[in-house]
Amino acid sequence: MGRRKPIIGLSGGIGSGKSSVAAVFAEMGALVISSDALNHDILRQHKVLEKLAAWWGADVVQPDGLPNRTRIAEIVFGNPEQKRRLESLTYPLIAAAREDMISRGNLDPAVTAIVIDSPLLFECNLDRQCDKTVFVEANEELRLERLRARRGWDAGELRRRESWQLPLSEKRARADYVILNEGPLERLRPQVAAILEQIAAGR
Ligand code: ADP
């Protein structure tokens with residue numbers, strides 16, 4: 001039997017650097033479970049794509065058989081009913097994959113902690129599964145600058161997507177720790193190390 005590992009949940013605005021923080025936790029021996037990555041994989045499953053094509057038309061699947069993510073985002077981010085419909089299909093699959101990873105992480109002696117990187121940590125009540133939660137902080141201007149450079153988003157796109165989420169002030173207030181990510185990436189390592197130390201010391 002493996003010992004139960006501490007589960008740490010990450011929250012923060014889009015582009016705040018949750019994945020970057022998760023990568024630092026991974027460097028320090030944590031197993032990272034990314035909801036975005038699980039969602040990404042699940043959308044490639046044949047049975048999922050078949051269903052989406054039946055709902056929304058063949059153009060949600062590209063000619064190469066991969067999901068047309070831009071088209072899917074267009075459909076769901078403009079229509080709450082279709083968004084719920086997609087979630088009712090994918091969320092149980094994501095939850096099952098997450099549970100499976102947590103069990104494997106608990107059994108793996110090399111894993112020091114389990115990190116859940118989810119844009120909807122509190123909204124989906126995943127925080128209830130966590131021993132501690134961390135809010136990654138970066139101001140809106142910086143987040144927009146990062147998203148503009150890496151994903152070509154504008155302010156409208158960021159606002160539209162974040163409007164589905166809890167206000168950042170609430171996420172921040174509910175977190176046990178805050179990591180500030182407004183400087184260079186090197187500043188993340190000491191902050192992550194300090195949190196792991198505090199968790200290990202039971203604080
Ligand atoms: P999130 O997971 O919160 O949406 P990411 O970790 O994916 O955010 O970061 C968004 C983008 O900004 C990524 O391309 C990442 O490399 C970049 N980024 C994150 N933190 C920093 C930083 N401190 N300095 C420069 N770029 C950063």
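Taken over segment 181-203, the criterion of being among the basic types (Lys, Arg) and touching a helix residue (DSSP H, G or I) at 6+ places or on another chain (Cβ under 6 Å) is satisfied by Arg189 alone. Restricting attention to segment 70-103, and to residues there that are without any contact (Cβ under 8 Å) to a residue 40 or more places away in the chain and under 30 Å from Ala193 (Cα atoms), which single residue is nearest to the chain's Cα centre (by Cα)? Only one residue tops the list, namely Ala95.
Among the residues of segment 8-23, just one is β-branched (Val, Ile, Thr) and surrounded by fewer than 22 Cβ atoms within 10 Å (Cβ to Cβ), namely Ile14. Listed by first and then second residue, the pairs linking a residue in segment 43-59 that is closer than 12 Å to Leu89 by Cβ to a residue that is assigned to a helix (DSSP H, G or I) and of a type in the set (Ser, Thr, Tyr), with Cβ atoms under 8 Å apart and 6 or more places separating them unless they lie on different chains, are Leu43/Thr90; Val48/Thr90. Checking each residue in segment 126-168 for being more than 25 Å from Arg187 (Cα to Cα) and of a type in the set (S, T, N, Q) picks out Gln129, Ser163, Gln165. When residues in segment 26-51 are screened for being touching a strand residue (DSSP E or B) at 6+ places or on another chain (Cβ under 9 Å) and either surrounded by fewer than 18 Cβ atoms within 10 Å (Cβ to Cβ) or within 16 Å of Asp108 (Cα to Cα) (or both), 13 of them pass. Among residues of segment 15-26 that are under 20 Å from Glu145 (Cα atoms), those with a beta-carbon under 6 Å from a residue that is of a type in the set (Lys, Arg) and modelled with pLDDT of 95 or more at least six positions away or on a different chain give the pairs Gly15/Arg143; Gly15/Arg146; Ser16/Arg143. Take the conditions (1) open to solvent by less than 60 Å² (accessible area, probe 1.4 Å); (2) modelled with pLDDT under 95; Ile72 misses just one of them, which is (2). Checked against (1) at negative phi; (2) surrounded by fewer than 17 Cβ atoms within 10 Å (Cβ to Cβ), Leu126 passes all but condition (2).
Residue check: is Gly65 at positive phi and either crowded, with 20+ Cβ neighbours inside 10 Å or not basic (Lys, Arg) (or both)? Yes. Restricted to segment 129-203, the set of helices (runs of 4 or more DSSP H) holding at least 3 residues that are open to solvent by 80 Å² or more (accessible area, probe 1.4 Å) and charged (D, E, K, R) comprises 140-151.
Each row is one residue, and each column tells you yes or no for (1) under 18 Å from the mean Cα position of the chain (by Cα); (2) of a type in the set (Phe, Trp, Tyr).
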| residue | (1), (2) |
| --- | --- |
| Phe135 | yes, yes |
| Glu145 | no, no |
| Arg148 | no, no |
| Gly152 | no, no |
| Arg174 | yes, no |
| Arg189 | no, no |
| Val192 | yes, no |
| Glu197 | no, no |
| Gly202 | no, no |
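The values are calculated or read from the model by the stated rules, or taken from the named source; none is laboratory data. None of the values given here were measured: they were computed from a predicted structure. Note that we place each Cβ from the backbone using ideal geometry, even for glycine, and neighbour counts take in every protein chain shown. Remember, those area values only see protein heavy atoms, side chains included, never the ligands or the DNA or RNA. Shrake-Rupley method; radii C 1.70, N 1.55, O 1.52, S 1.80 Å.
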